[in-house]
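I have placed the structure first, in the form of structure tokens, so that the comments after it can refer back to it.
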Amino acid sequence: MPLKHATFDLTLALADDALVLAHRLSQWSGQAPTLEEDIALSNLGLDLIGQARAFYTYAGELEGKGRDENHLAYFRDAGGFRNCLLVEQPNGDFAVTVTRQFLFAALMRDYYDALTHSTDKRLADVAGKAVKEMSYHVRHSGEWVVRLGDGTPESRNRMHSALEDLWTYTGEMFEIQAPERGLIDAGIAPDRAALKPGWEALVSAIFSRATLDRPKDGYMQTGGRSGQHSEHLGHMLAEMQVLARAHPDAAW
């Protein structure tokens, strides 16, 4: 596969990760445990929306078929999305949301840091801003993991359940699709697998502070990168895309 096509696939996947997780966080608006956290989760979502817009814009240019950020976000069905399965999982309770955010951000902070050295200047430029945002996401969600894990028996039990439910989706984050190997060799994309030891060290350190045991590695769910998603994504997209699809030619 030509590098341009592979770069499009990678950029689209990064955009989809950010958009889907941003929408999940937006579902907490007006529902978070405290007003401060309501605002915080909204701000995390806005960071991700900004990342998604930048990646979608570049993906559209790489594809060269006239699809802009709006077309890529609102006019693809679930099978066309390339996000990892972790980010599409339902919010659940607050423990599930902060655990999902931490597990994802802990990788993407280092991924974007490495991507700032990409030979593709557009990707490097987007990553330069995103790494700063994801550093805050790691700190914010990590603090909640510690607070809930080392909190009351109820909060600890909820954190334990969240980890058991979400851990099976973490392996996919480090999978490397065949076309992506060419991008790694060309210096365009970081090697996800090479980032795993750092992710494991950070996750283990936070879990230790939270007095939580890291789940044992077992069967890992996969398929999101090839368009095979859980039923949750279709329901989420139906909600997210309904206005744009009902009025496709609307101007705001």
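Summary table
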read-out	value
Answer residue from the range 205-225, given it is in a helix (DSSP H, G or I) and free of Cβ contacts under 8 Å to residues at least 12 places away in the same chain and is nearest to the chain's Cα centre (by Cα) among those	Ala205
Neighbours by Cβ (under 7 Å, 6+ apart or cross-chain): first from the range 20-44, on the phi > 0 side of the Ramachandran plot; second surrounded by 12 or more Cβ atoms within 10 Å (Cβ to Cβ)	Gly30/Asp38
Residue identified as open to solvent by 10 Å² or more (accessible area, probe 1.4 Å), touching a residue at least 60 places away in the same chain (Cβ under 8 Å) and part of a loop (DSSP other than H, G, I, E, B) among Ser161, Ser118	Ser118
Pair list, Cβ under 6 Å, 6 or more apart: the range 240-252 residue within 17 Å of Ser26 (Cα to Cα) and part of a helix (DSSP H, G or I), other residue at pLDDT 90 or above and among the small types (Gly, Ala, Ser)	none
Residues of the range 176-203 satisfying the condition of being part of a loop (DSSP other than H, G, I, E, B), modelled with pLDDT under 95 and not aliphatic (A, V, I, L, M)	Gln177
Positions within the range 86-103 being open to solvent by 10 Å² or more (accessible area, probe 1.4 Å) and not β-branched (Val, Ile, Thr), in sequence order	Gln89, Pro90, Asn91, Gly92, Asp93, Phe94
Residue list for the range 198-252, restricted to those being touching a helix residue (DSSP H, G or I) at 6+ places or on another chain (Cβ under 9 Å) and of a type in the set (Ser, Thr, Tyr)	Thr211, Tyr219, Thr222, Ser230
Where Gly149 falls short, out of the listed (1) open to solvent by less than 10 Å² (accessible area, probe 1.4 Å); (2) under 18 Å from the mean Cα position of the chain (by Cα)	(2)
The range 64-82 residues that are on the phi < 0 side of the Ramachandran plot and among the β-branched types (Val, Ile, Thr), paired with ones that are assigned to a loop (DSSP other than H, G, I, E, B) and at pLDDT 95 or above (beta carbon under 7 Å, 6 or more apart)	none
The range 12-46: number of residues that are open to solvent by 20 Å² or more (accessible area, probe 1.4 Å) and over 15 Å from Arg100 (Cβ atoms)	12
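Condition check ((1) open to solvent by less than 30 Å² (accessible area, probe 1.4 Å); (2) within 17 Å of Phe104 (Cα to Cα); (3) touching a Leu at 6+ places or on another chain (Cβ under 8 Å)) across all residues:
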residue: Leu10; (1), (2), (3): yes, yes, yes
residue: Arg53; (1), (2), (3): no, no, no
residue: Tyr56; (1), (2), (3): yes, no, yes
residue: Leu62; (1), (2), (3): yes, no, no
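The values are calculated or read from the model by the stated rules, or taken from the named source; none is laboratory data. Predicted model, so just to flag it, every value in this text is computed and none were measured. Glycine gets a Cβ as well: all are built from the backbone with ideal geometry, and neighbour counts include every protein chain shown. With ligands, DNA and RNA removed, areas are computed over all heavy atoms of the protein, side chains included. Shrake-Rupley method; radii C 1.70, N 1.55, O 1.52, S 1.80 Å.
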